[in-house]
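**Student:** The structure follows.
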Amino acid sequence: MPQSLSKVYLHIVFSTKHRHPFLANPEFRAEMHRYLGGTCNAIGSRVIAAGGISDHVHILCLLSRKQSIADMVMALKGQSSRWAKQSRPALRRFRWQRGYGVFSVSESAVEVVRAYVNNQEVHHRKKSFKEEYLRLLEEHNITYEESYLWD
């Protein structure tokens, strides 16, 4: 086949280091979500939604067929961390956690996941990030050792 084609939707989740509320300011949080979306687009993985609350983010995107998941997440976290520190001197200690979660999304579930990403504030009135993340791992049948999840 002479042409390479793909359409892989990803739901990416990662938190701030030790779940510190670096993103507590709603204006900065919105800027971070826009920055992450712009970075995603710039590296060829079209963003569909970016959201979150004070201590973590969710990104729904189409994976570029030219990039690995690990490279994409490394670019998202690295570039956004540098931007946060440079744009806000008070955030010079800004850090993302080392790990991340990436979950495949079927075409039929894209709108459900988009709504979920865009409604994080409402969702987290009832559930903590830890509860949410453990549920995502279990929903996707991912084997994990909880002691290695949190840093």
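The values are calculated or read from the model by the stated rules, or taken from the named source; none is laboratory data. The model shown is predicted, which means the values in this text are computed figures rather than measured ones. Here the Cβ is made from the backbone with ideal geometry for all residues, glycine too, and neighbour counts use every protein chain on show.
**Student:** Going by the conditions given, is R82 surrounded by 14 or more Cβ atoms within 10 Å (Cβ to Cβ) and farther than 26 Å from E139 by Cβ?
**Tutor:** So R82 does not fit the description; no.
**Student:** May I ask you to list pairs of residues, at least six apart or on different chains, whose Cβ atoms are under 7 Å apart, with the first in segment 118-143 being within 16 Å of P21 (Cβ to Cβ) and touching a residue at least 40 places away in the same chain (Cβ under 8 Å) and the second being assigned to a helix (DSSP H, G or I) and among the charged types (D, E, K, R)?
**Tutor:** Qualifying pairs under 7 Å: F129/R19.
**Student:** Just checking, which of F14, F22 is in contact with a Ser or Thr (Cβ under 8 Å, 6 or more places away or on another chain), within 18 Å of S128 (Cα to Cα), crowded, with 20+ Cβ neighbours inside 10 Å and of a type outside the set (S, T, N, Q)?
**Tutor:** Selected residue: F22, the only one of F14, F22 that is in contact with a Ser or Thr (Cβ under 8 Å, 6 or more places away or on another chain), within 18 Å of S128 (Cα to Cα), crowded, with 20+ Cβ neighbours inside 10 Å and of a type outside the set (S, T, N, Q).
**Student:** Further question on the same structure: For segment 56-66, check the following and say yes or no: at least one residue is part of a loop (DSSP other than H, G, I, E, B), closer than 17 Å to P21 by Cα and free of Cβ contacts under 8 Å to residues at least 40 places away in the same chain.
**Tutor:** No; the residues of segment 56-66 include none that is part of a loop (DSSP other than H, G, I, E, B), closer than 17 Å to P21 by Cα and free of Cβ contacts under 8 Å to residues at least 40 places away in the same chain.
**Student:** Could I ask something else about it? Scan segment 79-99 and tell me whether some residue there is under 30 Å from L5 (Cα atoms) and modelled with pLDDT under 95.
**Tutor:** The answer is yes, given that some residue of segment 79-99 is under 30 Å from L5 (Cα atoms) and modelled with pLDDT under 95.
**Student:** Related question: Scan the helices (runs of 4 or more DSSP H) fully inside segment 84-150 and keep the ones with 1 or more residues being under 21 Å from T39 (Cβ atoms).
**Tutor:** 110-118, 120-123
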